[in-house]
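Heads up, the thing below is written out as structure tokens.
Just so you know, all these numbers are worked out from the coordinates, no wet-lab data involved. Keep in mind that what you see is a predicted model, and the values were worked out from it rather than measured. Cβ sites come from the backbone with ideal geometry, for glycine too, and all protein chains shown count toward neighbours.
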Amino acid sequence: MSKCLSQILVVIMLISLSACSYRAERSRENLPQSTRLDRAIVAAASARSQANLLNTPPSDTELYSGSDGGEEPEAYIYTERVDGAIVFHLAHIVDPVHPLHLGLLHFKNEVETRSEGSLLVEIHDSATVGGDATLVSMVNGNQLDAAAITIWGVWHTLTEYANLESLPFMFSNYEEAWAAYEGALGDWVTRNIIEPHGARVLGYWTNGLRNFTNNVRPIYTPADLAGLRMRSPQIATNLAMYEEFGAASVSMSFDLLYDALQAGTVDGQDNPFGQIHGGRLFEVQRYLSISHHMFSSVPLIISNDFWNSLSAEHRLILLESSAISGRYQGELTRTMEEVQLQEMLAFGTQVNEVNRASFMAAVEPIWEDHVERFGTEFISIASRYIDDTNALAHQFRTRD
């Protein structure tokens, strides 16, 4: 067992043992967005489920290949049954060491335990699925039961409002983002972005706060990005950010990024620690500049057809399990970042923090443009959860 894996297992054990320390008041409405259950009930269930996880840790799942052992079907059959149990297929694009995958294993254990085995969860990881956009299309088209999407900005092909997720320097820490997505901001995204296009939301989990890496120089101010070729998601707000900094944006899928960085096709990229570490990008990047310039949430979405096929009892189990495991996964993401950072430092990665004030000043034109195009409703809702009165959300919430 590698040193890294040992450290990760220790982190998971520590988080499981300290379940009772989770913040019961993360949402200022005092209710989780996805279930509207009382927070005390969710917290107690979370503690019980994690105690069970210590005694019976979930095992990873292999890709379902059909009862005849044949090839993976082009479309999953919702309400598929194996020995009387309903099989729930859930896909994601991250590596098996990513905290999102580990959180989904917790979700699998929670669902199967609470349903007494009548609802089984099959997890399909990055080795067997396409990108986020493909997963969204499959769930919306009722070809896949569910998916964990690493950035809801991917809905930008369906609605321009999805570009709002990538507004840079909105949240400065996890507490703010968690409270917002468990509260009114999560409701807004569900109502305006996701559900109008064919899927339901079980809850909002955590991808993380994004940071810059590159092979040329440490990034302290926006001027340090000038002239660099930076890989970016093909989302208008992300592209506009790099244009504002004077960097060249190069769009490519994440699975091609390691080779592109190694070959020098691009100089750098930005992602949360989970992707930087899980994708081993630090092996081909010299500098890591901690910027926390965007928070990426993870909508856990489920197809309408699968949802409608379930009993009221099974629906409630999925909603409750998402609330419980989403909280677990968020804390796991933050705690694992310390382990991931230490491994990257040990590898020789040079780490620095950016001058956040200089970046916030540089992105004001992007915020101006978004207010002009989309109004201030989204920004105003987000501002309820942001403590810093100098934050951009407070500056722009009344600029209509």
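Phi-derived couplings, Karplus 6.51 cos²θ - 1.76 cosθ + 1.60 at θ = phi - 60°, listed residue by residue for region 135-147: 5, 4, 4, 5, 5, 4, x, 6, 9, 9, 5, 7, 7 Hz, with x used for Gly and Pro.
When peptides 366-379, 294-307 are sorted by average Cβ neighbour count within 10 Å, with the highest value leading, the order is 294-307, 366-379.
With θ taken as phi - 60° and the Karplus curve 6.51 cos²θ - 1.76 cosθ + 1.60 applied, the whole-hertz 3J(HN,Hα) list for region 159-175 is 7, 5, 4, 5, 5, 5, 4, 8, 4, x, 6, 8, 9, 9, 7, 5, 4 Hz, x standing for glycine and proline.
Between region 330-383 and region 140-213, the alpha-carbon centres lie 15 Å apart. With 10 angstrom as the radius, rank Phe254, Phe88 by how many other C-beta atoms surround their C-beta, starting from the fewest. Ascending number of Cβ neighbours within 10 Å: Phe254, Phe88.
Each residue, Arg356 and Glu368, gets one label point 7 Å from its Cα in the Cβ direction; the gap between the two is 2.4 nm. Calculate the translational D of region 269-400 in whole µm² s⁻¹ from Stokes-Einstein, where the hydrodynamic radius comes from the Kirkwood formula applied to all Cα pairs, the temperature is 10 °C and the viscosity 1.306 mPa s. For the chosen part, D equals 87 µm²/s.
As a proxy for reagent exposure, Tyr385, Tyr242 were ordered by neighbouring Cβ count within 10 angstrom, fewest first; the result is Tyr242, Tyr385.
With θ taken as phi - 60° and the Karplus curve 6.51 cos²θ - 1.76 cosθ + 1.60 applied, the whole-hertz 3J(HN,Hα) list for region 262-276 is 5, 7, x, 4, 10, 8, x, 6, 9, 6, x, 3, x, 6, 4 Hz, x standing for glycine and proline.
Computed over region 110-243, the range of Cα coordinates on each principal axis works out to 56, 35, 29 Å, biggest value leading. Label reach from Asp387 (point 7 Å along Cα→C-beta): in region 184-220, no amide nitrogen lies under 13 Å.
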